[in-house]
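Reading through the structure tokens given below for one structure.
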Amino acid sequence: MRGPRLVAQVLAVLAAAIALTTMHWPGGSQGVPGPALVPRVLALALLVVSLLIFRSPGTSAPAWVRHHREVPLTMALLAVYALLWRVVPNGHGVLTGVVLLAFLRITGLSWRGAGVTAVLMATVLQLLFERGLGVRF
């Protein structure tokens, strides 16, 4: 049972590091979320997952994971997305759509389903950030 508890401890340390790093960031004002909102929510979610794993360490994933190729491919895709974020000028919607398309294809969706879903999700995310949150890219 050492492995799951170690993972729980690493997640708790990561959550604490995120929370401490964003301690001095503004949380927001007058109903408008600030830059600390998403990292703090992430830290809270990591802490909850850590506590759940620590409480029930024997219920972890089996040694053979069903999608053993898709998980590292998704991690690599997210790394490429993060690296290209500053490189692509004013193309964040397109970059998000391409990454979503690649992710949905990795998970087994057809080209048509993945394409429609990626375009819809990228459009909704772009509108949410620009119109809902007032964040310009």
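Just to be sure before I move on: is ARG136 free of Cβ contacts under 8 Å to residues at least 60 places away in the same chain, of a type outside the set (A, V, I, L, M), under 23 Å from LEU37 (Cβ atoms) and not in a helix (DSSP H, G or I) in the structure I sent? So ARG136 fits the description; yes.
Kindly evaluate VAL87 against the criterion of being at negative phi and in contact (Cβ under 8 Å) with a residue 12 or more places away in the chain. No; evaluated as a whole, the condition is false for this residue. Considering each residue of the stretch 105-118 in turn, none proves to be over 18 Å from the mean Cα position of the chain (by Cα), part of a loop (DSSP other than H, G, I, E, B) and either within 18 Å of PHE129 (Cα to Cα) or at pLDDT below 80 (or both).
Scanning the stretch 69-86 for residues that are outside any helix (DSSP H, G or I) and in contact with a Leu (Cβ under 9 Å, 6 or more places away or on another chain) yields a count of 1.
Residues that are aromatic (Phe, Trp, Tyr) and surrounded by 12 or more Cβ atoms within 10 Å (Cβ to Cβ) were ranked within the stretch 74-124; the one that is nearest to ARG136 (Cα to Cα) is TRP85.
Contact map, the stretch 1-23: first residue within 15 Å of SER56 (Cβ to Cβ), second residue of a type in the set (D, E, K, R) and modelled with pLDDT of 85 or more, Cβ cut-off under 7 Å, separation 6 or more or different chains; the map is empty.
Is there a residue in the stretch 53-68 that is open to solvent by less than 70 Å² (accessible area, probe 1.4 Å), modelled with pLDDT of 80 or more and in a helix (DSSP H, G or I)? Yes, the stretch 53-68 contains a residue that is open to solvent by less than 70 Å² (accessible area, probe 1.4 Å), modelled with pLDDT of 80 or more and in a helix (DSSP H, G or I). Comparison of LEU95, LEU101 shows that the only residue that is out of contact with any strand residue (DSSP E or B) (no Cβ under 9 Å at 6 or more places or on another chain) and farther than 18 Å from VAL135 by Cβ is LEU101.
Filtered by the rule that a residue be of a type in the set (D, E, K, R) and under 22 Å from VAL135 (Cα atoms), the stretch 13-57 gives a lone residue, ARG40.
Within the stretch 22-39, the residues that satisfy the criterion of being open to solvent by less than 90 Å² (accessible area, probe 1.4 Å) and in a helix (DSSP H, G or I) are LEU37, PRO39.
The values are calculated or read from the model by the stated rules, or taken from the named source; none is laboratory data. Everything numeric here is computed off the predicted structure, so don't read it as measured data. Glycine gets a Cβ as well: all are built from the backbone with ideal geometry, and neighbour counts include every protein chain shown. Heavy atoms of the whole protein, side chains included, go into the accessibility calculation; ligands, DNA and RNA do not. Shrake-Rupley method; radii C 1.70, N 1.55, O 1.52, S 1.80 Å.
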